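Q: Okay, handing you the structure first.
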Protein chains: 2
Amino acid sequence: MAETARHPEPRYGNRPTMKDVAARAGVGLKTVSRVVNSEPGVTPDTERRVQEAIEALGFRRNDSARVLRKGRTASIGLVLEDLADPFYGPLSRAVEEVARAHGALLINGSSAEDPEREQELVLALCARRVDGLIVIPAADDHRYLEPEIKAGVATVFVDRPAGQIQADMVLSDSFGGAREGVAHLIAHGHRRIGFIGDQPRIHTATERLRGYHAAMAEAGITVEDSWVSLGSTDPGRVRAAADAMLSGPEPVTALFSGNNRVTVTVVRALADRERPVALVGFDDIELADLLGITVVSQDAAAAGRTAAEHLFRRLDGAGHPPARVELPTRLIARGSGELPPA
Amino acid sequence: MAETARHPEPRYGNRPTMKDVAARAGVGLKTVSRVVNSEPGVTPDTERRVQEAIEALGFRRNDSARVLRKGRTASIGLVLEDLADPFYGPLSRAVEEVARAHGALLINGSSAEDPEREQELVLALCARRVDGLIVIPAADDHRYLEPEIKAGVATVFVDRPAGQIQADMVLSDSFGGAREGVAHLIAHGHRRIGFIGDQPRIHTATERLRGYHAAMAEAGITVEDSWVSLGSTDPGRVRAAADAMLSGPEPVTALFSGNNRVTVTVVRALADRERPVALVGFDDIELADLLGITVVSQDAAAAGRTAAEHLFRRLDGAGHPPARVELPTRLIARGSGELPPA
């Protein structure tokens with residue numbers, strides 16, 4: 001067909017182009033462009049013919065091409081650990097709402113806690129020319145992002161800091177929150193307190209462990225090695241760690257769990273035991289109120305919203321040096337953290 | 001600057017272009033293009049000069065432009081009700097994993113159960129030329145999508161069917177699941193059973209209500225109007241509905257809650273009451289095992305995976321007529337659904 005001859009490159013599906021509209025309306029390409037972009041210089045009769053052709057063909061303007069010409073894609077990338085983790089739901093939704101208020105779409109994905117997958121995803125987003133990035137990092141070295149940041153890709157790190165580069169970041173007070181949670185257990189008479197946390201290369205895991213050690217030191221308690229276990233949040237690993245701390249001649253009388261994934265497994269492990277064991281968990285969990293689980297709560301939605309607002313201020317030209325925002329945590333006493341030592 | 005003169009259009013940040021690379025390497029644009037795209041016809045020395053310029057400038061190929069030329073954007077859109085709803089976490093992650101296996105990125109957003117917002121989001125995704133769409137619809141009329149589907153945008157509807165158009169869809173057996181859950185309550189001696197569901201314009205809400213009526217009819221039970229309440233999942237609305245059904249001279253002895261959002265509020269409402277009330281909820285919830293909540297579980301991850309696999313089969317050219325896949329549900333007895341009438 002002549003049609004094909006005029007379009008040597010393969011086109012997506014058989015989506016009509018401006019050329020198709022021009023051909024059908026019997027006008028020039030420039031005329032169609034004027035109508036599509038509401039520019040002057042088209043007679044009402046011609047405009048009607050072009051609009052009829054647009055309707056008949058189902059033509060839709062290609063924003064991808066347009067935004068590329070404008071130099072902005074009106075999209076931002078969100079890289080988090082796991083789309084399936086309920087902690088990231090409210091964070092993602094909060095980012096989405098801010099992006100939407102700025103007319104931007106959200107492209108997101110999971111790093112699966114794998115630094116290589118994080119970099120692959122981040123660079124794929126940059127190659128699509130997202131205007132900005134919000135990253136919950138799995139990696140601890142982000143120098144791979146420097147050319148992108150230099151090129152103007154606004155970048156904000158959330159929940160965990162950027163590694164080896166200067167960047168905006170929005171963090172929760174993991175150290176202070178864990179210290180408060182552990183001090184709460186100590187205030188209820190516990191001295192033998194176990195800490196089960198996420199992998200040691202994760203900033204929040206080590207910060208929360210630091211908070212645990214600070215609270216124990218402030219109470220003059222010497223921490224035994226067997227009271228601390230960092231590792232994957234795999235239920236098998238967490239349950240084994242809890243069982244080890246709760247057995248033997250001198251079991252711990254209380255546990256502090258380092259994040260929501262750890263807490264759900266610890267709560268299940270404790271449910272199987274007769275002897276009551278006190279528990280404070282970092283991160284709130286749906287229905288934790290009904291189970292009476294005392295938690296150190298962080299506001300995931302506030303973190304997402306704050307990060308996104310930072311990002312768009314940068315895109316609007318804010319030139320101040322990289323800022324570090326730390327959001328407070330909140331201890332919510334519901335019973336499990338107020339149990340006395342057995 | 002000459003630089004600027006050569007780039008009259010505003011460019012994103014100051015991201016280097018092929019022209020910048022060509023200028024720095026002192027070669028022509030076509031030569032840079034050959035090196036970037038690994039095409040022959042460049043001397044080793046010239047290639048080295050170009051590579052050095054690419055390094056020095058931090059140039060990165062623009063995939064947006066490239067995929068536009070290729071006619072595919074290697075991105076798919078996922079439109080769901082609420083990124084913050086834990087039901088959609090595993091679904092999103094499952095879609096992401098299939099997309100990733102096909103080298104595609106995920107652009108997603110929330111319709112917030114608003115048909116206009118759904119259409120706005122879907123059309124924005126189409127304007128960005130996503131290759132395909134996975135939609136959990138809020139609207140009941142999707143004729144607005146016909147030009148896009150004609151143009152080749154593969155589209156799969158999940159959880160709820162498409163409205164007034166033919167399209168692939170992946171649904172859970174809402175009718176059968178609800179019927180089984182209500183029959184389970186009847187088998188445990190209940191006859192006065194309340195149904196609290198989502199808004200009546202939502203397909204899954206009415207299908208589950210149909211399952212409730214089927215189970216009641218099969219048991220020869222005449223349903224009283226006061227036993228059924230459909231509406232928003234707002235906790236205030238749901239709690240009021242539960243309280244109304246549980247008070248008065250002849251309260252219901254059991255409740256069936258129509259989805260996870262309704263269930264969490266009903267569980268809280270029942271926790272405040274002395275008299276035990278039986279409960280079966282549609283959708284599983286984290287920690288429901290520890291609370292002994294009997295549920296009709298649907299596999300959100302399987303729904304997402306199935307829909308995404310369908311989508312990519314379409315993108316790979318599968319031409320069969322629109323298919324409707326219905327995934328089974330599973331009753332999980334945990335105690336709340338096995339309580340006898342008070």
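Q: Suppose a student asked you for the relative contact order of region B:147-249, using Cα pairs under 8 Å spaced at least 6 residues apart; what percent would you report?
A: Details: 112 pairs, mean separation 25.2, N = 103.
This gives 24 percent for region B:147-249.
Q: Using a label point 7 angstrom from Cα along Cα-to-C-beta, what distances in nm, from shortest up, separate A:Leu331 from the other copies?
A: Counterpart label points of A:Leu331 in the remaining copies fall at 4.6 nm.
Q: Can I ask one more? What is the Cα centroid distance between region B:206-238 and region A:199-233, reported in whole angstrom?
A: If we compute the Cα centre of each part, the gap is 50 Å.
Q: Same structure again: Set the Förster distance to 30 Å, then compute FRET efficiency between B:Asp316 and B:Ser33 from the Cβ-Cβ distance, nearest 0.05.
A: 0.55
Q: Work out the mean other chain Cβ neighbour count within 10 Å for the residues of B:108-114 and drop it here as an integer.
A: On the way: counts 9, 9, 6, 0, 4, 0, 0.
The mean count of partner-chain Cβ atoms within 10 Å per residue comes to 4.
Q: Which of A:Lys150/B:Lys150; A:Lys19/A:Lys150; A:Lys19/B:Lys30 have a Cα-Cα distance over 32 Å?
A: From A:Lys150/B:Lys150; A:Lys19/A:Lys150; A:Lys19/B:Lys30, over 32 Å: A:Lys150/B:Lys150; A:Lys19/A:Lys150.
Q: Could you work out how much longer the chain between B:Ala101 and B:Glu218 gets when fully extended? Use 0.36 nm per residue separation minus the Cα distance between them, nm to one decimal.
A: Going from the current span to full extension adds 37.5 nm.
Q: Of A:Arg24, A:Arg239, A:Arg305, which has the largest mean-square fluctuation in a 10 Å C-alpha GNM of chain A?
A: A:Arg24
Q: Extending each Cα 7 Å along its Cβ direction at B:Glu250 and B:Gln166, get the distance between those two points in nm, one decimal.
A: 4.9
Q: When DSSP beta bridges are limited to those with both residues in the protein assembly as shown, what percentage is antiparallel, rounded to the nearest 5?
A: 10
Q: Further question on the same structure: For chain B, what is the relative contact order in percent, using Cα pairs closer than 8 Å and at least 6 residues apart in sequence?
A: Details: 600 pairs, mean separation 56.7, N = 342.
Relative contact order comes out at 17 percent.
Q: Here's a follow-up. First measure r as the distance between the Cβ atoms of A:Glu120 and B:Ala301, then evaluate 1/(1 + (r/R0)^6) with R0 = 30 Å and state the FRET efficiency to the nearest 0.05.
A: Plugging the Cβ-Cβ distance into 1/(1 + (r/R0)^6) gives 0.85.
Q: Right, something else. Using just the Cα positions, wrap chain B in a convex hull and report its mean projected area in square nanometres, one decimal place.
A: Quarter of the Cα hull surface area: 22.8 nm².
Q: Label position 7 Å from Cα toward Cβ: report the copy-to-copy distances for A:Ser232 in nm, one decimal, ordered from shortest.
A: Result, one decimal in nm: 4.3.
Q: Relative contact order, percent, of region A:48-153 when contacts are C-alpha pairs under 8 Å separated by at least 6 residues?
A: 31
Q: Taking a label point 7 Å out from Cα toward Cβ, give me the nm distances from B:Asn37 to the same spot in the other copies, shortest first, one decimal.
A: Output for B:Asn37: 2.5 nm, nearest copy listed first.
Q: Can you pull the percent of Cα pairs in region B:288-342 with separation above 19 Å?
A: 51
Q: Take A:Asp141 and B:Asp289, extend 7 Å from each Cα along the Cα→Cβ direction, and tell me the distance between the two endpoints in nm.
A: Placing both labels 7 Å along Cα→Cβ, they lie 3.9 nm apart.
Q: Sorted from largest down, what three extents in whole angstroms do the Cα atoms of the protein assembly as shown have along their principal axes?
A: Per principal axis, max minus min of the Cα coordinates gives 79, 68, 39 Å.
Q: Another question about this same structure. Give the percent of DSSP beta bridges with both residues in chain B that are antiparallel, rounded to the nearest 5.
A: Approximately 10 percent, going by the DSSP bridge assignments.
Q: Moving on. In debye, nearest 20, what is the charge dipole magnitude of chain A about its Cα centre with +1 on Lys and Arg Cβ and -1 on Asp and Glu Cβ, if you could check?
A: 1420
Q: Which percent, to the nearest 5, of DSSP beta bridges fully inside region B:103-232 are antiparallel? Let's see the in-between values first.
A: Working: 0 of 10 bridges.
If we restrict to bridges inside region B:103-232, about 0 percent are antiparallel.
Q: Over the whole of A:85-96, what's the average partner chain Cβ count within 10 Å per residue? Rounded to a whole number, please.
A: Whole-number average of other-chain Cβ neighbours for A:85-96 is 5.
Q: In nanometres, what is the gap between the two model label sites at A:Ala240 and A:Lys19, each 7 Å from Cα along Cα-to-Cβ?
A: 6.3
Q: Mind checking the mean number of beta-carbon atoms from other chains within 10 Å of the Cβ atoms in A:279-288?
A: Counting other chains' Cβ atoms within 10 Å and averaging over A:279-288 gives 2.
Q: Can I ask one more? Ranked highest first by the average count of other Cβ atoms within 10 Å around their residues, in what order do B:186-194, A:242-250 fall?
A: B:186-194, A:242-250
Q: In whole Å, how far is the Cα centre of region A:75-141 from that of region B:289-304?
A: About 27 Å separates the Cα centre of region A:75-141 from the one of region B:289-304.
Here, each number is a calculation from the coordinates, and none is a lab measurement. These figures come from a predicted structure and were not determined experimentally. Positions of Cβ are backbone-derived with ideal geometry, glycine not excepted, and every protein chain shown enters the neighbour counts.
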